[in-house]
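Computed from the coordinates by the stated procedures, all read-outs in this text should not be read as laboratory data. Every value quoted in this text rests on a predicted model; they were computed, and no experiment measured them. Cβ atoms come from the backbone with ideal geometry, glycine included; neighbour counts cover every protein chain shown.
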Amino acid sequence: AHQSCQWGYDSDNGPEHWHKYYPIAKGENQSPIEINSKEVQHDPSLPPWFVGYDPGAAKTILNNGRTCRVVFDDTFDRSVLRGGPLPGTFRLRQFHFHWGSSDDHGSEHIVDGVKYAAELHMVHWNPKYSNFAEALKQADGVAVVGVFLKVGKTPKPEMKRILEEIDNIKTKGKEAPFSNFDPSILFPKSRDYWTYHGSFTTPPCEECITWILLREPIEVSPDQMAKLRSLSINAETEPVCPMVDNWRPPQPRHFRMVRASFQ
Ligand SMILES: O[B-]1(O)OCc2ccccc21
Ligand SMILES: [Zn+2]
């Protein structure tokens, strides 16, 4: 089949290959990046960010063969993100995760050398553009709130509903209803964040994302991580291939400034 629809995270279709069909993958505004606290600039003028999510906007949970994604109704300003570095309100479209094959790695962004077990991406788009496909062609088209997942002793109760659905979406293409869920319950206590301009961490790697990375990780249990790793990338009829290590390594920062909302 056409290679471009077969990108993945293996040695023969992984991040080192993506540029062949998505040349922007070698661009100067790629994500993820390494965050080095010493090079970050505290910007006291950065406002706080806010979300107003309607639990009724949650629709389905999906295994797309690369991640576990929860999709929301984004046909109007129903669940929105605003403030922080953003111009206006952005509509919540979906959230998904990236994780490792063991607890000591899996996040995409790395903070002062620390790799977290996983990274949650809450994806929003700028409704000044007619749709998501249009928005991803614009530098101010998409805003992603990134949340690090750290493994500790206590499970994160707010993750339970997502992980309970995993058994219904084990293989690629499986989808299940997922309703009445306000994803802001997944956020940590602190609203402190780093922000910089970057890209999708997956093809098409478009450089359309204002990243808002939360400093405080949320804590999940080893069993909760194991549940996430029980997803498969294969379809039901194919040999089992675990969905793990679906993260892109850090990309060159080039001349980009990372700003911090905190001292
Ligand atoms: O590349 B990503 O995983 O990170 C940001 C994003 C947004 C929408 C789909 C996939 C992604
Ligand atoms: Zn992502």
**Request:** Report the residue count in the stretch 194-225 for those that are hydroxyl-bearing (Ser, Thr, Tyr) and away from ligand 1 (no atom under 16 Å from the Cβ).
**Result:** 1
**Asked** If we keep just the residues of the stretch 106-120 that are in contact (Cβ under 8 Å) with a residue 40 or more places away in the chain and of a type outside the set (Gly, Ala, Ser), which is farthest from ligand 1 (Cβ to nearest atom)?
**Response** ASP112
**Selection status of GLY152, within 16 Å of ligand 2 (Cβ to nearest atom), of a type in the set (Gly, Ala, Ser) and in contact (Cβ under 8 Å) with a residue 60 or more places away in the chain** = no
**Request:** Would you check which residues across the stretch 213-242 are among the polar types (S, T, N, Q) and surrounded by 18 or more Cβ atoms within 10 Å (Cβ to Cβ) and list them?
**Result:** GLN224, SER232
**Request:** Output the residues belonging to the stretch 101-133 that are within 25 Å of PHE181 (Cβ to Cβ) and assigned to a loop (DSSP other than H, G, I, E, B).
**Result:** GLY106, SER107, GLU108, HIS109, TYR116, ALA117, ASN126, PRO127, ASN131
**Item:** Pair list, Cβ under 7 Å, 6 or more apart: the stretch 37-54 residue in a helix (DSSP H, G or I), other residue of a type in the set (D, E, K, R)
**Value:** SER37/ASP112
**Request:** Mind counting the residues in the stretch 134-157 that are of a type in the set (Lys, Arg) and not in a loop (DSSP other than H, G, I, E, B)?
**Result:** 1
**Message:** Let me confirm something: among TRP247, TRP211, TRP194, which residue is closer than 18 Å to HIS109 by Cβ, touching a residue at least 12 places away in the same chain (Cβ under 8 Å) and part of a loop (DSSP other than H, G, I, E, B)?
**Reply:** TRP247
**Request:** Would you check which residues across the stretch 72-111 are more than 12 Å from ligand 2 (Cβ to nearest atom), crowded, with 20+ Cβ neighbours inside 10 Å and within 22 Å of ALA235 (Cα to Cα) and list them?
**Result:** GLY100
**Request:** Report yes if some residue within the stretch 63-78 is within 16 Å of ligand 1 (Cβ to nearest atom), small (Gly, Ala, Ser) and under 25 Å from LYS174 (Cα atoms); otherwise report no.
**Result:** yes
**Lone unmet requirement of (1) surrounded by 20 or more Cβ atoms within 10 Å (Cβ to Cβ); (2) within 22 Å of PRO249 (Cα to Cα); (3) within 16 Å of ligand 2 (Cβ to nearest atom) for TYR193** = (3)
**Asked** List, please: which pairs have Cβ atoms under 8 Å, are six or more places apart or on different chains, and start with a residue in the stretch 12-34 that is touching a residue at least 60 places away in the same chain (Cβ under 8 Å) and over 15 Å from ILE209 (Cβ atoms) and end with one that is of a type in the set (Phe, Trp, Tyr) and not in a helix (DSSP H, G or I)?
**Response** PRO15/TYR9; TRP18/TRP7; TYR21/TRP7
**Item:** Failed item in (1) within 16 Å of ligand 1 (Cβ to nearest atom); (2) part of a loop (DSSP other than H, G, I, E, B); (3) in contact with a strand residue (DSSP E or B) (Cβ under 9 Å, 6 or more places away or on another chain), with PHE262 passing the rest
**Value:** (1)
